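Heads up: the structure comes next, in structure tokens.
The values are calculated or read from the model by the stated rules, or taken from the named source; none is laboratory data. This is a predicted model, so every value here is computed, not measured. Here the Cβ positions follow ideal geometry from the backbone for every residue, glycine too, while neighbour counts run over all protein chains shown.
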Amino acid sequence: MEMRTAGSMPRNGSTTMLKLLIFMMFAAFAMTTDSVGTVIPQIIREYQLGMTAAGSFHYATMSGIGLSAIGLGFLADRMGRKWTILMGLGLFCISSALVATGSRFGLFVMMLFVSGLGIGIFKSGALALIGDISTSTREHAQTMNLVEGFFGVGAIIGPAIVSYALLSGATWKWVYIIAALLCLILIAGSLMTPFPRHSRSAVQETDTRSAFSMLGDPIALFFALLLMLYVGAEAAIYVWAPTYFSGYSGENAWMAAYVVSIFFLLRAAGRFVGSWLLRRLDWTVVLVICSSAMAALFLASVLLGRGVAALALPATGLFMSVLYPTINSTGINCFDRARHGAIAGFLLFFTCVSAVVAPLAMAAVGDLMGNADFSMIFGAVLATLLALLCIWNCVRQPASARLLERNQQDYASDAVRPPEQPARS
């Protein structure tokens, strides 16, 4: 039986279209997931809820993403990238439309969980597709930063839509209406665009065992831990910063009112810069610089009060921007391309575990204490731990051998093969 370790590359025009589709997918789901911090205060008022209960808008989506990532990430390796992406987009589109037309809190939570399932499915397929159309681990990391840059754009647009709708007397549900319509366009584009010919090893596991088997791989666990620390720190800002600054009228209060919007704006800008930065510095050095700066800003926010936090917390976005795509991309590239769907799902699962557990812990303590101060303290602790691990990673270089092997085995043949020619064993 024929075995392939790389998918046949599409034509250059198709590659450009595939990248555009991936960019727009990430922007579409960011519109909903990252607008949650703006929606939650409204939900608290409408349904008379506490922080923990209202946070279900965030927990439900992240739980769905995590479960589908670990349980269904293998579909990208078994069914192929195209049909996996279409399946996920379909679920996300339907659930977003139902959120937009619903009125009961329980229905919202249920549909947000289903939307999370869809996001986890198509995101695993999209992340695996990036490996198929990349020609080196370095290009993969650069593309991931561009992808996350578009995610950042969506993260700016989503809260802006919610804020504008509320100021205009309209409903916050407009963000889900727009997301559903955008999904229909993405489904049509995916159906019409040629994808790389799907490839996998004849003996490769393509079920949930493929993802769970990575629990015994120290490299996979290391990158999962880095992502968990990052996401927990990030969630402190985009989930709870609006609540943290609610009612604040002291120094730099005007900045506090726009803290999440400025954070997302700087994060989006930084991710485009990240692609440029990775061309000039080793990825381990980039992680040390950015994680250390992020930790310093968090600590300043905690130690010097809300007036400083109003400036420092949004500034973390500039340094956070490079961390997630670089860590995620490098972790995926430590495994052969035939398993990119499974490893993408594995890392996404742990990302979502942190995205649920960290804000939930912050909310529970916040309800107990009567304020959201603990969220920023917790974020500072996680950011500091991440910086320490990035320094260790730069010194010890635990993934260097894996990355060299993957460049030689998965990407070397792409560099010398015309794009339209299929890879053969």
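For this structure, a couple of remarks:
- Screening residue 303 against (1) assigned to a helix (DSSP H, G or I); (2) in contact (Cβ under 8 Å) with a residue 12 or more places away in the chain leaves a single unmet condition, (2).
- Residue pairs whose Cβ atoms lie under 6 Å apart, sitting 6 or more positions apart in sequence or on different chains, and linking a residue in the range 238-261 that is in contact (Cβ under 8 Å) with a residue 24 or more places away in the chain to a partner that is assigned to a helix (DSSP H, G or I) and charged (D, E, K, R), are 248/306.
- Filter result for residue 354 (under 22 Å from the mean Cα position of the chain (by Cα), more than 14 Å from residue 228 (Cβ to Cβ) and buried (at least 23 other Cβ atoms within 10 Å of the Cβ)): no
- Here is the figure for the range 215-241: residues that are buried (at least 23 other Cβ atoms within 10 Å of the Cβ) and at pLDDT below 85 total 4.
- The range 230-247, residues that are among the aliphatic types (A, V, I, L, M) and more than 13 Å from the chain's Cα centre (by Cα): 233, 236, 237, 239, 241
- Residue 56 vs. criteria out of contact with any strand residue (DSSP E or B) (no Cβ under 8 Å at 6 or more places or on another chain), free of Cβ contacts under 8 Å to residues at least 40 places away in the same chain and over 23 Å from residue 341 (Cα atoms): no
- If you go through the range 262-290 and keep only what is farther than 30 Å from residue 162 by Cβ, in a helix (DSSP H, G or I) and touching a residue at least 60 places away in the same chain (Cβ under 8 Å), you end up with 283, 284, 285, 287, 288.
- Qualifying residue in the range 114-133 (condition: buried (at least 24 other Cβ atoms within 10 Å of the Cβ) and free of Cβ contacts under 8 Å to residues at least 40 places away in the same chain): no
- Cβ separations smaller than 7 Å between residues 6+ apart or across chains give the following pairs from the range 355-376 residues that are of a type in the set (Ser, Thr, Tyr) to residues that are part of a helix (DSSP H, G or I): 375/236; 375/244; 375/362; 375/366.
- Selection of the range 399-425 for residues being of a type outside the set (Lys, Arg), outside any helix (DSSP H, G or I) and either at pLDDT 95 or above or touching a Lys or Arg at 6+ places or on another chain (Cβ under 8 Å) (or both) yields 419, 420, 422, 423, 425.
- Some residue of the range 31-53 being of a type in the set (S, T, N, Q), surrounded by 23 or more Cβ atoms within 10 Å (Cβ to Cβ) and modelled with pLDDT of 90 or more: no
- Residue ID - nearest to residue 326 (Cα to Cα), chosen from residues in the range 233-261 that are among the polar types (S, T, N, Q) and part of a helix (DSSP H, G or I): 261
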